């Protein structure tokens, strides 16, 4: 006897069958206006939804964001916060990775330390270092090694540390809220046929066909 599917699985099957019906249609994909939010689309897709639904969720957020910016030009969009934060973060990561790789290859003693575990709160940055292709090629790199080299260049910021931390906090908090809102929107689309039809009509600019 086959096991009865729960409503969520049934809706997922429904969505899959709907998209299969339109396999010969030239999809408007990817949406060029959502390019600035590609990282966020990819994050939403980790929930298991397809790209079109993830793009739609971010497009709906972008509409709200653009409307807010029209009312207040000082309003910071997620993409603006990302740009500001990454402009400070990326050089630190790049230099820290370069020094770390060289130290391991040249078998130098890594004498840098993070005595007070100050770098524990920079997990995202440390993970980014460890996911770097050049670092992944090395077999004897520890998380503590990465933390210490990150600390070396983070300390070089000196008076700009506070600015970095404020930007980082503002960006992460806003992105977390945006992703959570996107996931809720996706959940509605996946679990409600009417919501799905609204999504389909707005995204593809056409009515979905009846599956009859």
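The values are calculated or read from the model by the stated rules, or taken from the named source; none is laboratory data. In this text the structure is predicted, and so the values were computed from the model without any measurement. Because the Cβ atoms are built from the backbone with ideal geometry, glycine has one as well, and the counts that use them run over all protein chains shown.
Some notes on this structure:
- Here the condition is being in contact with a helix residue (DSSP H, G or I) (Cβ under 8 Å, 6 or more places away or on another chain) and surrounded by 16 or more Cβ atoms within 10 Å (Cβ to Cβ); of 167, 157, it holds for 167 alone.
- Residue match in the stretch 63-77 (condition: in a loop (DSSP other than H, G, I, E, B), farther than 23 Å from residue 165 by Cα and out of contact with any helix residue (DSSP H, G or I) (no Cβ under 7 Å at 6 or more places or on another chain)): yes
- The one condition in (1) within 17 Å of residue 174 (Cβ to Cβ); (2) touching a residue at least 60 places away in the same chain (Cβ under 8 Å) that residue 54 fails to fulfil: (1)
- Against the list (1) in the same structural domain as residue 146 (by TED's automatic domain parsing); (2) loosely packed, with under 15 Cβ neighbours inside 10 Å; (3) over 16 Å from the mean Cα position of the chain (by Cα), the condition residue 97 fails is (2).
- Listing of helices (runs of 4 or more DSSP H) fully contained in the stretch 112-212 that carry 3 or more residues being touching a residue at least 60 places away in the same chain (Cβ under 8 Å) and more than 21 Å from residue 97 (Cβ to Cβ): 161-191, 193-204
- Residue list for the stretch 61-80, restricted to those being more than 13 Å from residue 174 (Cβ to Cβ) and loosely packed, with under 15 Cβ neighbours inside 10 Å: 63, 66, 67, 69, 70, 71, 72, 73, 74
- Residue match in the stretch 173-192 (condition: more than 30 Å from residue 50 (Cβ to Cβ), surrounded by fewer than 19 Cβ atoms within 10 Å (Cβ to Cβ) and either in contact with a strand residue (DSSP E or B) (Cβ under 6 Å, 6 or more places away or on another chain) or not assigned by TED's automatic domain parsing to the domain that holds residue 99 (or both)): no
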